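Have a look at the structure below, then the notes.
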Amino acid sequence: MISIASIVEGDGEVSALPILLRRLASEREPSALVNLLQPIRVRRDKFLNKDDEFRRQLLLAAAKSGPDGWVLVVLDADDDCPATLGRDIHERAQQHIPHQRLSVVLANREFEAWFIAAAHSLQGVRGFSSGPEEPLRAETPRNAKGWMRERMRSGTYSEILDQPAFAARIDLQQAFDNSRSFRKLCKEWQTHVAARI
């Protein structure tokens with residue numbers, strides 16, 4: 001069994017990321033035994049810009065997951081290049097937890113980009129509606145939360161309520177096909193979980 005300690009930046013991701021990871025386990029590698037620990041929530045700017053905070057949270061995640069566990073950092077890229085910033089964060093993090101399995105995945109723009117990538121599979125979920133003819137340019141909208149809000153019948157989008165519900169329902173293959181950053185998450189899952197079975 002592999003214990004996974006994740007570091008996330010939003011309250012919604014605290015609930016939604018474990019749902020996505022459980023689904024990856026059950027749909028892509030049913031024989032994988034994983035222990036999904038409660039994610040550690042950080043403030044992105046403080047985590048990335050204050051060395052003491054960065055180190056403290058990484059050491060906490062490493063301690064929680066244990067020597068054979070996996071530390072998974074999932075943040076929004078916002079306006080940064082996910083590949084470049086992700087590589088920089090990974091290099092910095094390795095200095096603090098050099099012997100730990102470690103991955104850094106930055107959702108291109110925002111976590112909600114993964115929902116946009118599989119928007120056709122969310123039709124009707126929590127009042128969400130996007131036309132089947134609408135092209136899925138998942139990683140283009142600067143304000144992915146706003147994109148989701150505009151397509152909610154209620155006109156509101158709640159990270160805490162909607163993210164977990166959408167994470168439970170998105171078509172993982174659609175998300176994989178339409179989002180490079182979601183493919184990165186799947187690749188890291190393959191490397192650190194599936195390949196260890």
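The values are calculated or read from the model by the stated rules, or taken from the named source; none is laboratory data. None of the values given here were measured: they were computed from a predicted structure. Quick reminder, even Gly has a Cβ in these numbers, built from the backbone with ideal geometry, and neighbours come from all protein chains shown.
Annotations
- Checking each residue in the range 1-26 for being at pLDDT 95 or above, in a strand (DSSP E or B) and either aliphatic (A, V, I, L, M) or buried (at least 19 other Cβ atoms within 10 Å of the Cβ) (or both) picks out Ile4, Ala5, Ser6, Ile7, Val8.
- Those helices (runs of 4 or more DSSP H) lying entirely in the range 61-154 with at least 2 residues at pLDDT below 95 and in contact with a Cys (Cβ under 8 Å, 6 or more places away or on another chain): none
- Restricting Glu53, Glu29 to residues that are under 19 Å from Ala175 (Cα atoms), charged (D, E, K, R) and either crowded, with 22+ Cβ neighbours inside 10 Å or over 17 Å from the mean Cα position of the chain (by Cα) (or both) narrows the list to Glu29.
- Count of residues meeting criterion [under 13 Å from the mean Cα position of the chain (by Cα) and either closer than 11 Å to Phe115 by Cβ or free of Cβ contacts under 8 Å to residues at least 40 places away in the same chain (or both)] in the range 177-197: 4
- Selection count where residues are surrounded by fewer than 20 Cβ atoms within 10 Å (Cβ to Cβ) and assigned to a helix (DSSP H, G or I), scope the range 32-50: 5
- Subset of the range 154-197 (residues that are surrounded by fewer than 15 Cβ atoms within 10 Å (Cβ to Cβ) and within 13 Å of Ala16 (Cβ to Cβ)): Ile160, Leu161, Ala168
- The condition of being of a type in the set (Val, Ile, Thr) and closer than 23 Å to Leu172 by Cβ holds for Val71.
- All conditions but one from (1) in contact (Cβ under 8 Å) with a residue 24 or more places away in the chain; (2) buried (at least 16 other Cβ atoms within 10 Å of the Cβ) apply to Pro67; the one that does not is (2).
- Lone qualifier among Ala165, Ala175 - being aliphatic (A, V, I, L, M), in a helix (DSSP H, G or I) and more than 25 Å from Asp80 (Cα to Cα): Ala165
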